[in-house]
Every structure is written in C-alpha cells, then in structure tokens.
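Everything below concerns the one structure shown next.
The values are calculated or read from the model by the stated rules, or taken from the named source; none is laboratory data. Treat the numbers as computed from the prediction; the structure is a model and nothing was measured. Counting neighbours? That spans all protein chains shown, and the Cβs are built from the backbone with ideal geometry, glycine included. Just the protein is used for accessible areas: all its heavy atoms, side chains included, with ligands, DNA and RNA removed. Shrake-Rupley method; radii C 1.70, N 1.55, O 1.52, S 1.80 Å.
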Amino acid sequence: MKKNMMVIITGAVIGLVALILVALGNPANMGFCIACFLRDSAGSCSLHSAAAVQYFRPEIVGIVLGSLVISLCFGEFRARGGSSPVTRLILGFCVMVGALMFLGCPLRMLLRVGGGDLNAVVGLVGFIAGIGVGVLALNSGFSLRRSYAQSKSEGAAFPALVSILFILTLCVPALFLFSESGPGSQHAPILASLAGGLAVGALAQRSRFCMAGGLRDTMLFRDMHLLWGSIALLVVVLAGNFILGKFKLSFAEQPVAHTDGLWNFLGMATVGWGSVLLGGCPLRQLVMAGEGDSDAAVTITGMVLGAALCHNWGLASSGNGPTANGQIAVVVCLAILLVISLCNILKGGKKA
Amino acid sequence: MTNVDARGRSCPEPLILTRKALIDNPEGITVVVDNVCSVENITRYAGHEGYEAAREEKDGEWTLKITRR
C-alpha cells in the first residue's frame with residue numbers, strides 16, 4: 001500500500017480541490033473537467049460561438065505549469081516528440097467528440113458518479129468497454145511508434161503558449177469572450193482556479209495519475225497501482241457530496257448532463273478507446289505536455305480543435321440530450337479509431 | 001541476454017515489450033528505456049512477477065537488468 005500512497009493522495013486531492021472549486025463557483029459536478037475546460041477556453045479564444053461555454057479556464061494553465069515546475073525540480077523535464085503527431089491530433093479530436101457527447105472527460109465522469117449521477121455510471125461502463133478494446137489493440141502490437149529527443153525550446157513551447165494566453169486574458173481581456181450565462185459564466189475566482197490547477201498538475205506529474213491508465217493496467221497486467229488513485233478520488237467526492245448534502249441519486253435532472261444511455265455509453269467508449277491509443281487520459285496529456293512532450297501538446301491541440309468544431313457543427317450534447325449530428329460524429333470517430341488501431345499494429349519483427 | 005529497446009515508446013508499450021520478452025526468455029532480459037515512468041513501471045512489474053530489476057543510468061537512458069530473484 002505504501003507504494004500506492006502517492007497516487008492515492010493525488011486522487012484524494014483532486015477530489016477535494018474539485019469540491020472546493022464547485023463551492024467557489026465552478027458548475028456543479030465540474031470542479032475539474034479537462035474536456036469542458038478546453039471547450040470553454042476554445043470558446044473564449046473565439047474558436048467557437050456557443051455563448052454559454054466561453055471562459056479561459058485557469059485550471060488548464062495551472063495543470064500544465066504545475067507539471068512543468070515539478071518536472072524541472074525533479075529533473076524529469078524531457079523535451080520529446082515525433083511519435084505519429086498527426087495521428088495523435090486526430091485521436092485527440094475523437095476523444096473530444098466522445099467527451100462532448102457524454103458531457104465530460106473521465107475525471108468529470110467520476111465527479112458525476114460521486115454526485116449520484118447514474119448517467120455517469122452508464123458512461124463508466126462505456127469507458128471500461130472502450131479501454132477493453134484499446135487493450136486488445138495494445139496486446140495485438142498497436143504502437144504509434146517511438147518519439148525522439150527534441151530541443152528544450154520545443155518542449156517549453158506549449159507551456160509558454162498557454163502562459164502567454166493566460167497573461168493576455170488578464171492584461172487584454174477585450175481579446176477574449178466571457179460567457180454571461182450558462183456553465184461558462186460559473187467559475188471560481190481566478191487565483192483559486194490557478195492554485196487548484198497547479199496543485200493537481202504537480203501531484204499528477206509525481207504520481208503519474210491517469211484515469212485511463214488505472215483500468216488499462218488492471219486489465220493488461222493485473223496491476224491496480226494507478227486505479228487506486230481513481231478509487232481515492234471517488235471516495236473523497238462521494239464523502240464530500242454526502243457531507244455537503246449535494247448527493248442526489250438519479251438519472252434525471254442532473255447538472256450539465258443528459259439521460260440518453262446509449263449515447264452516454266458510446267461517447268465514453270470513444271474516450272476510453274482513444275485514451276488507451278494515446279497512452280493516457282486528457283488530464284495525463286496536459287501533464288505530459290508540461291513535462292516537455294510535444295506529442296501530448298499536439299493531442300491537446302486536437303482536443304481544442306474537436307471542441308471548437310463540436311460547437312460550430314452542432315455535435316456537442318446539452319442537458320436536452322445528444323444531437324443527430326453528434327450521433328453521426330461519434331459513429332464516425334469510432335470508425336476512425338478502428339482504422340487507426342488496425343493501421344498501427346506492428347507485426348512481429350517490424351521496428352517501431 | 002535478450003535486449004529490449006523500448007526507448008521513445010509511449011506508456012505502457014515498454015511494459016508490454018518487457019512482458020513478452022520475459023515470456024520468451026524466463027531466465028532474464030535487459031531493457032533500455034528513456035523515461036523514469038517506464039523505469040518505475042517495469043521495476044514494479046518485475047517485482048510482481050518474482051524478478052528483480054537492477055538499474056543503471058547514463059545520459060538520460062536507463063538499462064534495466066531483470067533477473068530471477
């Protein structure tokens with residue numbers, strides 16, 4: 001249990017920070033949601049025009065910078081990249097389409113489960129199924145091929161980019177859009193969001209916390225090490241919601257959620273499958289981008305692009321349910337994941 | 001001793017390559033990786049499976065000698 005302590009602490013702190021950020025103003029069951037926060041940030045930068053979801057989320061900046069600082073402190077910052085970047089961009093896009101069908105990344109899925117949202121339990125079953133398919137691909141020899149060392153400036157470029165955008169939101173806010181109503185208008189104070197992100201980014205870098213990795217390693221190697229982090233997160237959120245009187249067990253009338261079981265399942269199956277092919281969940285991609293991994297930075301760019309197009313093309317769900325365009329997009333993304341999985345299975349002697 | 005080159009591979013590929021090589025060579029193998037995360041994962045896996053992993057670092061690359069305990 002001692003070797004699992006760091007990842008358990010990380011999961012517990014993420015749960016605690018999520019509860020605090022909701023108490024300070026973030027939308028309910030959305031203390032942390034990487035997909036929602038990237039979507040809101042994309043909207044704030046005018047990449048989409050959905051007026052209800054536009055806000056540059058400081059949590060994203062905090063996670064990347066927290067990971068950057070702690071990886072520099074421990075000598076683990078390593079500029080690297082070149083492992084099938086365009087494929088990763090497309091995978092990031094598909095993960096976002098799935099997440100916005102369900103309305104949340106794997107992190108928010110657990111936060112929703114901890115708030116009593118039974119639709120998220122359906123999403124969790126889909127997530128596990130998607131990870132199972134990804135594990136099949138890995139066991140068959142799936143690989144996006146190796147990455148190579150890059151210059152330090154390449155590794156630092158993404159943390160620098162998000163820092164500059166964040167500074168611009170503070171100094172020249174007129175460049176950005178900020179929702180006046182809807183989820184985008186609900187947010188904790190900037191400093192609290194930034195501090196929460198920094199703490200989560202630093203801890204997740206040290207512990208390698210990953211929502212997809214826990215289930216994947218349990219299926220692949222019967223190794224529950226990372227899964228303990230997700231379990232700790234769920235326990236803390238459940239306890240917190242009970243204490244605060246916010247636990248409500250139901251399918252209907254859950255915050256920023258819909259009740260269409262099939263599409264909740266398929267949305268999260270897309271996220272699970274895509275995350276396994278990418279080597280980590282959306283939170284892990286942000287953390288790796290902070291450590292100097294430019295492939296993870298490209299993946300996040302794909303997610304931002306996905307978020308923007310999801311709203312511009314009417315693919316994202318709302319509390320009223322999924323859209324017909326969104327359903328077509330999820331099926332197309334599942335087909336893309338299948339093609340990418342099959343095209344990247346390396347046979348016996350083939351070198352990565 | 002069989003040498004596995006897992007440098008530059010995404011998580012969890014280094015571990016999958018290690019597991020496959022250990023099935024083919026149960027007496028032990030050598031694995032080369034270039035990130036701490038993979039060093040931790042492979043060391044933990046080796047421990048679970050009754051092996052021990054001796055590590056040696058040089059220029060940001062780790063050579064793990066995995067042998068029966």
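Got a number for the accessible area of A:Ile243? Probe 1.4 Å, square angstrom, nearest 10.
140
Using Cα positions and a limit of under 18 Å, work out the aspartates and glutamates in reach of B:Lys58, with same-chain residues fewer than 8 apart set aside.
Excluding near neighbours in sequence, the set is A:Glu76, B:Asp5, B:Asp34, B:Glu40.
Considering only protein heavy atoms, with the full assembly of protein chains and a 1.4 angstrom probe, order A:Ile300, A:Ile167 by accessible area, largest first.
On the way: A:Ile300 5, A:Ile167 95 Å².
From most accessible down to least: A:Ile167, A:Ile300.
If I histogram all Cα-Cα distances within region B:14-68 using bins 10 Å wide from 0, what percent of pairs lands in each bin?
27, 61, 12
Sort region A:59-204 into rounded, prolate or oblate with this rule: let a ≥ b ≥ c be the square roots of the eigenvalues of the Cα gyration tensor; rounded if a/c is under 1.5, and if a/c is not under 1.5, prolate when a/b is larger than b/c, oblate otherwise. Before the final figure, lay out each step's value.
Numbers: a/c = 1.79, a/b = 1.06, b/c = 1.69.
Oblate shape, in that a/c is at least 1.5 and b/c is the bigger or equal ratio.
Order the following by accessible area, largest value first: A:Phe265, A:Phe166. Probe radius 1.4 Å; ligands, DNA and RNA are ignored.
Details: A:Phe265 65, A:Phe166 25 Å².
Sorted descending by solvent-accessible area, the residues read A:Phe265, A:Phe166.
Could you quote the convex hull projected area for region A:1-62, Cα atoms only and averaged over all directions, in nm²? Spell out each step's value before the answer.
On the way: hull surface 19.8 nm².
Averaged projected hull area, Cα only: 4.9 nm².
How big is the A-B contact in terms of buried accessible area, both chains counted, 1.4 Å probe, rounded to the nearest 100 Å²? Don't jump to the answer; show the numbers that get you there.
Working: alone 13830 and 4300 Å², together 16310 Å².
Separately minus together, A and B give about 1800 Å² buried.
With only Lys, Arg, Asp and Glu charged, each at its Cβ (+1 for the first two, -1 for the last two), find how big the charge dipole of region B:14-68 is about the Cα centre; round to the nearest 20 debye. Please report the intermediate quantities before stating the final value.
Values: 7 positive and 10 negative charges, 40 e Å.
Roughly 200 debye for region B:14-68.
Roughly what would the spin-label model give for A:Ile167 and A:Phe251, points 7 Å off Cα along C-beta, in nm?
Roughly 5.1 nm, to one decimal.
Using a 1.4 Å probe on the heavy atoms of the protein chains only, list every residue of region B:22-56 that has 10 Å² or more less accessible area in the complete assembly than in its chain alone.
Going by heavy-atom accessible area, the residues of region B:22-56 that drop by at least 10 Å² are B:Asp34, B:Asn35, B:Val36, B:Cys37, B:Glu40, B:Arg44, B:Tyr45, B:His48, B:Glu49.
If I build a Gaussian network model for chain A, linking alpha-carbon pairs within less than 10 angstrom, which residue out of A:Arg206, A:Arg222, A:Arg80 has the largest mean-square fluctuation?
Greatest mean-square fluctuation among the candidates belongs to A:Arg222.
Report the paramagnetic label zone for A:Leu244: residues of region A:18-55 whose backbone N is under 14 Å from a point 7 Å from Cα along the Cα-to-Cβ axis.
Residues A:18-33 qualify, since their backbone N sits under 14 Å from the label point.
If you count only protein heavy atoms and use a 1.4 Å probe, how large is the accessible surface of A:Lys248, to the nearest 10 Å²?
Per-residue accessible area (A:Lys248): approximately 90 Å².
Distances longer than 38 Å among the Cα atoms of region A:2-351: what percent of all pairs is that?
Numbers: 4569 of 61075 pairs.
It works out to 7 percent of all Cα pairs.
List the Cys residues of the protein assembly as shown that have no partner Cys with a C-beta closer than 4.7 Å.
Lone cysteines by the Cβ rule: A:Cys45, A:Cys73, A:Cys105, A:Cys171, A:Cys210, A:Cys281, A:Cys310, A:Cys343, B:Cys11, B:Cys37.
Calculated FRET efficiency, A:Leu262 and A:Trp313, Cβ-Cβ r, R0 22 Å, to nearest 0.05?
On the way: r = 21 Å, r/R0 = 0.95.
That gives a FRET efficiency of 0.60.
Roughly how big is the protein assembly as shown's charge dipole about its Cα centre, with Cβ charges of +1 (Lys, Arg) and -1 (Asp, Glu), in debye to the nearest 20? Before the final figure, lay out each step's value.
On the way: 32 positive and 25 negative charges, 125 e Å.
It comes to approximately 600 debye.
Can you put A:Trp313, B:Trp62, A:Trp228 in order of accessible area, largest first, using a 1.4 Å probe?
On the way: A:Trp313 150, B:Trp62 35, A:Trp228 80 Å².
Result of the area sort, largest leading: A:Trp313, A:Trp228, B:Trp62.
Heads up, I need the accessible area for A:Met224: 1.4 angstrom probe, whole protein in place, Å², nearest 10.
It works out to around 80 Å².
Taking the solvent-accessible surface of protein heavy atoms with a 1.4 Å probe, what is the per residue accessible area of region B:14-68 in Å²? Please list the in-between numbers first.
Values: 2620 Å² over 55 residues.
I get 48 Å² per residue for this part.
If you count only protein heavy atoms with a 1.4 Å probe, what accessible area per residue comes out for region A:62-133, rounded to a whole Å²? Mind showing how you got there, number by number?
Numbers: 1760 Å² over 72 residues.
Counting only protein heavy atoms, the per-residue value for region A:62-133 is 24 Å².
Under the rule of -39500 (n - 2.57) per DSSP H run of 4 or more residues, summed and divided by the residues of the protein assembly as shown, what mean residue ellipticity at 222 nm is obtained, to the nearest 500 deg cm²/dmol? Kindly include the intermediate steps, with their values, before the conclusion.
Working: 16 runs with 252 residues, N = 421.
Mean residue ellipticity at 222 nm (helix-derived): -20000 deg cm²/dmol.
Using a Gaussian network model of chain A with C-alpha springs under 10 Å, which one of A:Ser67, A:Ser153, A:Ser275 is most mobile by mean-square fluctuation?
Checking each option, the largest mean-square fluctuation is seen for A:Ser153.
In sequence order, what are the phi-derived ³J(HN,Hα) couplings for region A:151-162 according to the Karplus relation 6.51 cos²θ - 1.76 cosθ + 1.60 with θ = phi - 60°, rounded to whole Hz, with x for glycine and proline?
Once rounded to whole Hz, the list reads 6, 4, 5, 5, x, 8, 4, 5, x, 5, 4, 5.
In terms of the Cα gyration tensor, with a ≥ b ≥ c the square roots of its eigenvalues, is region A:194-352 rounded because a/c is under 1.5, prolate because a/b exceeds b/c, or oblate? Before the final figure, lay out each step's value.
Numbers: a/c = 1.58, a/b = 1.10, b/c = 1.43.
Taking the square roots of the gyration eigenvalues as a ≥ b ≥ c, region A:194-352 is oblate.
So how much slack lies between A:Asn139 and A:Ile345, counting 0.36 nm per residue of separation and subtracting their Cα-Cα distance, in nm?
Values: separation 206, 0.36 × 206 = 74.16 nm, distance 0.94 nm.
In short, 73.2 nm is gained.
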